[in-house]
Amino acid sequence: PADAENASAINQRLVDHLASETDRGVITYTLFSLERRKAKEASDAFARFVMSDDADQRIYATRGGVRADKYSVQSLACYRGVEDHDWRVACEALVGWRELHNQHKVQSLATGRDHPNPHVRRCALESIAASWDGLILTSHHDEVLALIETAADLIDDSASVRAALLEAKGAAMASLVASPLAAPDMDWRDWNLATSERYRLEDATARIG
């Protein structure tokens, strides 16, 4: 078990084994095990395999990397993952961006939002919604607002993408309403917009699922 007394030693043995293993299946399942065990000893291994030629290995390495205890590994996994040609890897990276904040975040989320695959677009918008407050605090406001200023809710073929955009807009409006600085002087039109977005989100969610 990952919480056993000798868990760290087991993790390290798995990491050491990766250094010399050449069999694709063994490498893949070892990365899977290390990712599931949340092995902090595997940070450098995850960083190595996010650049693997094998998509399955990149998936597990990215999934483990975004939760690594090394900031450099987290950044690498998130940044490279969004650019990956396999949509599954891109989605794992976008999930990682929910917790990580740096100078690449807004651009990576924008890349995901405009991705040709609907799963990736949905993941990007969900990450925007989940990390909205952090985005506003750490990035330029105009750049952050541009992430949700899109007509995708009207023209996107995917219902889940449209719902995710409404969720992101709802998070933005909720943040605006809850702000102790903005709320006292908020224009009535802003309040009306926030209320409208909330009802649109609730309606879309009900219709979709």
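Ranked by solvent-accessible area (1.4 Å probe, protein heavy atoms only, all chains present), the residues F46, F32 order from largest to smallest as F32, F46. Between R24 and A7, the contour length at 0.36 nm per residue exceeds the Cα-Cα span by 3.7 nm. Compute for the range 1-89: radius of gyration divided by Kirkwood radius, i.e. Rg/Rh, restricted to C-alpha atoms, rounded to two decimals. Taking Rh as the inverse mean 1/r over Cα pairs, Rg/Rh reads 0.95. These residues, S33, S43, go from largest to smallest accessible area, 1.4 Å probe, as S33, S43. Probing with 1.4 Å while keeping every protein chain in the model, the per residue accessible area of the range 39-92 equals 46 Å². Per-residue 3J(HN,Hα) values for the range 124-134, derived from phi via the Karplus relation 6.51 cos²θ - 1.76 cosθ + 1.60 with θ = phi - 60°, read 5, 5, 5, 5, 4, 5, 5, 10, 4, 4, x Hz in sequence order (x marks Gly and Pro). Sequence-ordered 3J(HN,Hα) estimates for the range 36-41 from the Karplus curve with 6.51, -1.76 and 1.60 and θ = phi - 60° stand at 5, 7, 6, 6, 5, 5 Hz, glycine and proline given as x. Taking label positions 7 Å along the Cα-Cβ direction at both D157 and H17, the computed distance is 4.3 nm, reported to one decimal.
Only protein atoms count toward the accessible area here, which uses a 1.4 Å probe; on the range 44-166, the carbon and sulfur part of that area reaches 50 percent.
Using every pair of distinct Cα positions in the range 18-151, the Kirkwood expression returns a hydrodynamic radius of 14.9 angstrom. Taking the empirical scaling 2.2 N^0.38 Å for compact globular proteins as reference, the range 1-41 has a Cα radius of gyration ratio of 1.11. Multiplying the residue separation of D54 and E149 by 0.36 nm and removing their Cα-Cα distance gives an extension gain of 30.6 nm.
So how do R162, R24, R36 rank on accessible area, 1.4 Å probe, biggest first, that is with the largest at the start? It would help to have the intermediate numbers written out before the result.
Details: R162 75, R24 120, R36 150 Å².
Reading off the accessible areas and sorting them downward yields R36, R24, R162.
Using the Stokes-Einstein relation with a Kirkwood hydrodynamic radius computed over Cα pairs, the translational diffusion coefficient of the range 38-116 at 10 °C and a viscosity of 1.306 mPa s comes to 133 µm²/s.
The values are calculated or read from the model by the stated rules, or taken from the named source; none is laboratory data. If you're wondering where the values come from, they're calculated on a predicted model, not measured in any experiment. Counting neighbours? That spans all protein chains shown, and the Cβs are built from the backbone with ideal geometry, glycine included. Keep in mind that these areas ignore ligands, DNA and RNA; they rest on the heavy atoms of the full protein, side chains included. Shrake-Rupley method; radii C 1.70, N 1.55, O 1.52, S 1.80 Å.
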